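Laboratory data are not the source of any read-out in this text; all were calculated from the coordinates shown. Just so we're clear, the structure is a prediction, and the values are computed from it rather than from any experiment. Cβ sites come from the backbone with ideal geometry, for glycine too, and all protein chains shown count toward neighbours.
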Amino acid sequence: MSADRTRDRDTARARSRGRPERGAGALLVVAAALLACGGGPPSKVTGAPRVPPDESYQVGGIGHYEGFIWNCTGGERVHVSRTCGEFLGCNSWTLERGPCGRPLPGEPPAKTREPMTFARWE
């Protein structure tokens with residue numbers, strides 16, 4: 001029996017057993033990684049400043065809220081944040097802008113913020 005015929009027979013057997021081919025498994029891994037990562041690094045959010053933030057924080061533990069704050073860049077205060085679940089990964093990053101000098105509506109109170117341990121500015 002030729003090598004091509006043997007490979008075709010083995011592929012047919014694997015399909016009949018309900019096992020996905022290697023390509024399908026790799027695709028599932030990539031999709032899961034994208035969902036768990038919240039769509040990419042925070043620096044790639046459309047409109048996010050290109051300079052590192054003044055503050056990075058998280059609120060909570062495994063299921064948490066995390067963000068980055070620029071106190072005043074380009075004449076405005078900027079807040080990039082997302083929520084993360086314990087088992088489902090993180091949501092996409094959101095961006096909020098407002099006047100310098102005061103907190104934005106989406107920012108958690110300063111006393112609840114802890115140093116960032118999960119995400120980082122990249």
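The table that follows gives values for the structure above.
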{"item": "Projected label distance in nm at residue 117 and residue 97, using a 7 Å step from Cα toward the beta-carbon", "result": "3.4 nm"}
{"item": "Net lengthening on full extension, residue 71/residue 86 (0.36 nm per residue, minus Cα-Cα)", "result": "2.4 nm"}
{"item": "Region 49-95: trypsin sites (Lys or Arg not before Pro) in DSSP coil with no more than 14 other Cβ atoms inside 10 Å", "result": "50"}
{"item": "Dipole of region 54-122 [Lys/Arg +1, Asp/Glu -1 at C-beta], most positive-end residue of 99, 81, 112", "result": "99"}
{"item": "Protection proxy ranking, peptides 103-113, 61-71, 87-97, average beta carbon neighbours within 10 Å, highest first", "result": "61-71, 87-97, 103-113"}
{"item": "Derived scalar couplings ³J(HN,Hα) [region 44-54; Karplus, 6.51 cos²θ - 1.76 cosθ + 1.60; whole Hz; x for Gly, Pro]", "result": "8, 5, 4, x, 5, x, 8, 9, x, x, 6"}
{"item": "Amide H within-cut-off set for residue 98, under 5 Å, with H built and near neighbours excluded", "result": "77"}
{"item": "Estimated vicinal HN-Hα couplings, Hz - region 68-74 in sequence order (Karplus 6.51, -1.76, 1.60; Gly, Pro = x)", "result": "10, 10, 10, 4, 6, 9, x"}
